[in-house]
Amino acid sequence: MSDAELIAIMPVYNEEVGITHVVSEWIQAFSREQITYRLITINDGSTDSTLSILNQLQLRTPEQLLVLSKPNSGHGRTCRLGYELALKQSAAWIFQIDSDGQCDPVYFSEFLAKRNRAHCIFGVRVTRGDGLLRRLVSRICNVLIAIVTGQDLKDPNVPYRLIERRALEKALQNIPEEFELQNIALTLALKRNQALRWAYIPIRFRAPLHAQKRMSLPKIVQMGFRMLTRLHTVKV
């Protein structure tokens, strides 16, 4: 892989309907900036034609797009793998986005502009187009995490984040690999490093490009409970 100033990671699962648009709009957004970059898409065992589409996209832009595939392990652990892959490169910054079209590239320039003043640049979803249940679950989750950890993490599970590589590398060392919701654990591990400077950018979270298969409420509650009881495993 060639050197790049920025490595972007994008976990992907069953996104055949919109993945061409999402990858294309982000490559266009990256290309408009005065940076060298590489986008790593990690196919999390998709059962539709997502991987085939990604492979075709890679043929069009082999220098900018890398496609990896693995058995399904869930979004959080796929993010973790993406971060670890990104850290093996020489990029100074690692950027995470999701693959369902909810992350709007319109904010990307603002994220880049904060690099001289912050180690961690996170979006905060002030409006969301993904339904009342998801908004409610996120709000409850944020409140409970603040109570358990004593930290105001703003939007701990937001998938729109830019992190300086040394800060990311140190934070990952404090998170168990088996932790299910790696995004939340990473936000907490970074926040506990008092030497880091933060910037928060209000973002609009778009509606997904296709109808998502909704997780049942009991499963959401179960995952949330496991996460809250395991936050103590994230080291200081």
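Numerical summary
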quantity	calculated
Cβ-Cβ under 7 Å pairs, at least 6 apart or on other chains, region 183-207 side free of Cβ contacts under 8 Å to residues at least 40 places away in the same chain and of a type outside the set (Val, Ile, Thr), far side assigned to a helix (DSSP H, G or I) and surrounded by fewer than 16 Cβ atoms within 10 Å (Cβ to Cβ)	Asn193/Lys170
Asn14 in a loop (DSSP other than H, G, I, E, B), crowded, with 20+ Cβ neighbours inside 10 Å and polar (S, T, N, Q)	yes
Residue list for region 84-106, restricted to those being of a type in the set (A, V, I, L, M, F, W, C) and part of a loop (DSSP other than H, G, I, E, B)	Ala91, Ala92, Ile97, Cys103
Number of the exception - Pro202 against (1) closer than 30 Å to Glu16 by Cβ; (2) in contact with a strand residue (DSSP E or B) (Cβ under 7 Å, 6 or more places away or on another chain)	(1)
Filter result (free of Cβ contacts under 8 Å to residues at least 40 places away in the same chain and either in a helix (DSSP H, G or I) or among the aromatic types (Phe, Trp, Tyr) (or both)) within region 54-77	Asn55, Gln56, Leu57, Gln58, Leu59, Arg60
Any hit, region 115-125, residues being of a type outside the set (Ser, Thr, Tyr), free of Cβ contacts under 8 Å to residues at least 24 places away in the same chain and part of a loop (DSSP other than H, G, I, E, B)	yes
Verdict on Ile27 being surrounded by fewer than 22 Cβ atoms within 10 Å (Cβ to Cβ), out of contact with any helix residue (DSSP H, G or I) (no Cβ under 6 Å at 6 or more places or on another chain) and at pLDDT below 95	no
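The values are calculated or read from the model by the stated rules, or taken from the named source; none is laboratory data. None of these values were measured; they are calculated from a predicted model. Virtual Cβ from ideal backbone geometry, glycine too; neighbours counted across all protein chains shown.
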